[in-house]
1. So if each residue of separation counts as 0.36 nm, and I subtract the Cα-Cα distance between S120 and L210, what length gain in nm does that give?
2. What full-extension length gain, to one decimal in nm, is calculated for V230 and V140 as 0.36 nm per residue of separation minus the Cα-Cα distance?
3. Report the relative contact order of the stretch 87-244, percent, no decimals, based on alpha-carbon pairs under 8 angstrom and at least 6 residues apart.
4. For the stretch 87-244, what is the charge dipole size about the Cα centre, in debye to the nearest 20, if Lys and Arg each add +1 at the Cβ and Asp and Glu each add -1 at the Cβ?
5. At 0.36 nm per residue, minus the direct Cα-Cα distance, what do Q245 and L195 gain on full extension? Give it in nm, one decimal, please.
6. Roughly speaking, what % of Cα-Cα pairs in the stretch 87-244 are separated by over 25 Å, rounded to a whole number?
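Coordinate-derived values only; no laboratory data. For clarity, every value in this text was computed on a predicted model and none was experimentally measured. As a convention, Cβ positions derive from the backbone with ideal geometry for all residues, glycine included, and neighbour counts pool all protein chains shown.
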Amino acid sequence: MDFISTSERENLRNRRKTSNTHRVGARWQQRLPLTRQPVTPTVPPASARRGPWKEGHAVATRLSAGLTVGLIALTLLAEPHVATAAPITFEFTTTVVSVESAFLGVQAGEPVVGRYTFESTTPPTPPSPPDSRVGRYNPVGTFEVQFGVLKLILPLSHIEVLNRPEIDRYAVAAVSGTGNGAIQLQLALATNLNLGAFTDVGLPLAPPPLNLFEFSQFILYVNHGPNKFVPQITATPIETLRALQVVPELGTATLLIIGFGLSAGWLLRRSP
């Protein structure tokens, strides 16, 4: 028979108490209710919510809008368009060299600034008798000239181009009437040396270069009888001749293309 000492008996009793405490704690934890962690719901992306059919429909809508705009643009650009008239303005400067009878108070030495405006698509008027070396045009437009503080504005009469073996000439005229006292304005450039100044008699849409003409002048005439125009103011030489810039208007086709493009962009933004 084995004898256990008092100290060993106390240690054995303490180990049993500790083991019972652990078993009771384990049973108590098993009886406690489980705590659930909050679950954040996941939102599917827009493409998943729409589904494959709706996603394909949106892509087809975008492609259809783009193709429609492209076809309309190609159709409008491919169609032949009739040339639209565009106003062109030329401006020249010169200096008065002579005045008859102090006409309208103008004096020699005064600067002159003139402008004339014509339509770019003005057709030629056949000369009589017919002459292929003469181009005469009767455009709708105005011819204005300013001498110091005096300013005159007359309706444009004609533009004439000569391309003859002996002379190349460019003339612009405006007439206020046909009776006594009627005023005529005329700008003229001519050369007998540079006979290649004009290669044809088409209406010049750019100012003729002044260095090609050894003769250039502006004259104001007054009618003193039946078709008897007498020079009253002479200004020479023509110092500058240039085209004034005009902002072109947008064509109908361009406006339509812009409109359809904006509409297509609006549809694409609204499509789901």
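1. Numbers: separation 90, 0.36 × 90 = 32.40 nm, distance 2.07 nm.
Stretched fully, the S120-L210 segment lengthens by 30.3 nm.
2. Values: separation 90, 0.36 × 90 = 32.40 nm, distance 2.52 nm.
Extending this stretch completely gives an extra 29.9 nm.
3. Numbers: 413 pairs, mean separation 40.0, N = 158.
Reported as a whole number, the value is 25 percent.
4. Values: 8 positive and 12 negative charges, 42 e Å.
About 200 debye.
5. Gain on stretching Q245 to L195: 15.1 nm.
6. Values: 3565 of 12403 pairs.
Above the 25 Å cut-off, the stretch 87-244 has 29 percent of its Cα pairs.
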